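**Student:** Dumping the structure here so I can ask a few things about it.
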């Protein structure tokens, strides 16, 4: 039984350093898929790789395809364990030191999958596994003998936690505004519109259709690139306000409205729809 810390990254040298610094010597290796870093991320990982591997796959906005390389190209064999973390997550020092005994104990109790508040944390490896979904992914064929760490720890900071937006070391408090637009507009294949509509298939289908129509309209009719910057530059101009088709699609999606309100109208975060769920539209 070998234990690997796994993830995907690109140009995140400081965060990858902090993520791996207190655990890399306690696991057998790191398996990371790098999208083409130029800031020293790859070199840092190679210094700490152990029995793992630093793999390369060009970033294509496909989280699941990127992560599946861990399972396909990595050195894992059936019976090994892998821990999944991203660059904004950290390990508790004491937990990092005891990670081997923790996972060995889990295995001895026939546990094969470990979650943290429903999100995948660590798994016993089998070669039929793959990741599905982007940007919000799930591990397919994880074995059903599972536990959730929330039932064993009072707080995530006792084992592994994510730096929240706005806290020291985390991303800016308004990070969700641009992040959601990236998932909505920049990504061609995206399951982000499913969030909050998991139990309303019709609402999800309508939202996803609007997303795809909006993207194509912006690209083909207006000539915008599929970048956050291109969309923002256009929203700062007045010409779109007389485009009834654009406005109709824009008004259907709170992600777009929050983006416009934050960057152009300078509305405070607490007034945005994502924060207070009130409805606003451009007229």
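The values are calculated or read from the model by the stated rules, or taken from the named source; none is laboratory data. For clarity, every value in this text was computed on a predicted model and none was experimentally measured. Counting neighbours? That spans all protein chains shown, and the Cβs are built from the backbone with ideal geometry, glycine included.
Here's the yes/no breakdown for (1) farther than 19 Å from residue 263 by Cβ; (2) surrounded by 12 or more Cβ atoms within 10 Å (Cβ to Cβ); (3) assigned by TED's automatic domain parsing to the domain that holds residue 80:
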position	(1), (2), (3)
145	yes, yes, yes
149	yes, yes, yes
167	yes, no, no
181	no, yes, no
186	no, yes, no
193	yes, yes, no
205	yes, yes, no
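**Student:** So how many residues does the stretch 270-281 have that are in a helix (DSSP H, G or I) and surrounded by 14 or more Cβ atoms within 10 Å (Cβ to Cβ)?
**Tutor:** Final tally of qualifying residues: 3.
**Student:** Among the strands (runs of 3 or more DSSP E) confined wholly to the stretch 1-58, which include 3 or more residues that are out of contact with any helix residue (DSSP H, G or I) (no Cβ under 6 Å at 6 or more places or on another chain) and at pLDDT 95 or above?
**Tutor:** Working: elements: 3-9, 29-34, 53-56.
Filter on the stretch 1-58 gives 3-9.
**Student:** Here is a further query. Return yes or no: is residue 252 assigned by TED's automatic domain parsing to the domain that holds residue 195 and exposed (fewer than 14 other Cβ atoms within 10 Å of the Cβ)?
**Tutor:** Details: assigned by TED's automatic domain parsing to the domain that holds residue 195: yes; exposed (fewer than 14 other Cβ atoms within 10 Å of the Cβ): no.
Judged against the criteria, residue 252 is not a match.
**Student:** So, one more: Any residue in the stretch 57-66 that is over 23 Å from residue 190 (Cβ atoms) and crowded, with 23+ Cβ neighbours inside 10 Å? Write out each step before concluding.
**Tutor:** Going residue by residue through the stretch 57-66, those that are over 23 Å from residue 190 (Cβ atoms) are none.
For the stretch 57-66, residues over 23 Å from residue 190 (Cβ atoms) and crowded, with 23+ Cβ neighbours inside 10 Å: absent.
**Student:** Failed condition for residue 267, given (1) within 24 Å of the chain's Cα centre (by Cα); (2) surrounded by 14 or more Cβ atoms within 10 Å (Cβ to Cβ); (3) not in a helix (DSSP H, G or I), with all others met?
**Tutor:** Condition (1) is where residue 267 drops out.
**Student:** Which of the residues spanning the stretch 222-234 are part of a helix (DSSP H, G or I) and in contact (Cβ under 8 Å) with a residue 24 or more places away in the chain? Before the answer, list the steps.
**Tutor:** Residues of the stretch 222-234 that are part of a helix (DSSP H, G or I), as a first pass: 222, 228-234.
Of everything in the stretch 222-234, those that are part of a helix (DSSP H, G or I) and in contact (Cβ under 8 Å) with a residue 24 or more places away in the chain turn out to be 222, 228, 231, 232.
**Student:** Of everything in the stretch 51-64, what is touching a strand residue (DSSP E or B) at 6+ places or on another chain (Cβ under 8 Å) and over 20 Å from residue 40 (Cβ atoms)? Give them in sequence order.
**Tutor:** Here is the first cut: in the stretch 51-64, the ones touching a strand residue (DSSP E or B) at 6+ places or on another chain (Cβ under 8 Å) are 51-57, 63-64.
51, 63, 64, listed by residue number.
**Student:** Which count do you get for residues in the stretch 1-16 that are in contact (Cβ under 8 Å) with a residue 24 or more places away in the chain and surrounded by fewer than 17 Cβ atoms within 10 Å (Cβ to Cβ)? Working first, answer last.
**Tutor:** Just the residues of the stretch 1-16 that are in contact (Cβ under 8 Å) with a residue 24 or more places away in the chain, to begin with: 1-13, 15-16.
Add one more test, that the residue is surrounded by fewer than 17 Cβ atoms within 10 Å (Cβ to Cβ), and what stays is 1.
Number satisfying all stated conditions: 1.
**Student:** Hey, among the residues in the stretch 160-197 that are closer than 13 Å to residue 134 by Cα and in a loop (DSSP other than H, G, I, E, B), which one's modelled with the lowest pLDDT? Explain how you work it out, then say what you get.
**Tutor:** Going through the stretch 160-197, the residues closer than 13 Å to residue 134 by Cα turn out to be 180, 182-184, 186-195.
After this cut, where a residue has to be in a loop (DSSP other than H, G, I, E, B) as well, the list is 187-191, 195.
Working: 187: 97, 188: 96, 189: 96, 190: 96, 191: 96, 195: 91.
That would be 195.
**Student:** Okay, next question. Looking at 241, 237, can you tell me which residue is over 21 Å from the mean Cα position of the chain (by Cα) and part of a loop (DSSP other than H, G, I, E, B)? Let's see the steps before the verdict.
**Tutor:** Values: 241 fails: part of a loop (DSSP other than H, G, I, E, B).
Answer to the selection: 237.
**Student:** Now for a separate question. Restricting attention to the stretch 133-143, report how many residues are surrounded by 15 or more Cβ atoms within 10 Å (Cβ to Cβ) and in contact with a strand residue (DSSP E or B) (Cβ under 7 Å, 6 or more places away or on another chain).
**Tutor:** Residues that pass the stated criteria total 3.
**Student:** Another question, then. Could you pull out every one of the helices (runs of 4 or more DSSP H) wholly within the stretch 63-131 that has 2 or more residues that are under 22 Å from residue 148 (Cα atoms) and free of Cβ contacts under 8 Å to residues at least 40 places away in the same chain?
**Tutor:** Values: elements: 63-72, 93-97, 99-108.
Counting at least 2 such residues, we get 99-108.
**Student:** Pick from 141, 92: which is at pLDDT 95 or above and at positive phi? Working first, answer last.
**Tutor:** Numbers: 92 fails: at positive phi.
Among 141, 92, only 141 is at pLDDT 95 or above and at positive phi.
**Student:** List the number of the failed condition for residue 108; all other conditions in (1) farther than 23 Å from residue 165 by Cα; (2) surrounded by 19 or more Cβ atoms within 10 Å (Cβ to Cβ) hold.
**Tutor:** If we test residue 108 against (1) farther than 23 Å from residue 165 by Cα; (2) surrounded by 19 or more Cβ atoms within 10 Å (Cβ to Cβ), just (2) comes out false.
**Student:** Next question, about the same structure. Are any of the residues in the stretch 22-44 surrounded by fewer than 19 Cβ atoms within 10 Å (Cβ to Cβ) and within 17 Å of the chain's Cα centre (by Cα)?
**Tutor:** There is at least one residue in the stretch 22-44 that is surrounded by fewer than 19 Cβ atoms within 10 Å (Cβ to Cβ) and within 17 Å of the chain's Cα centre (by Cα).
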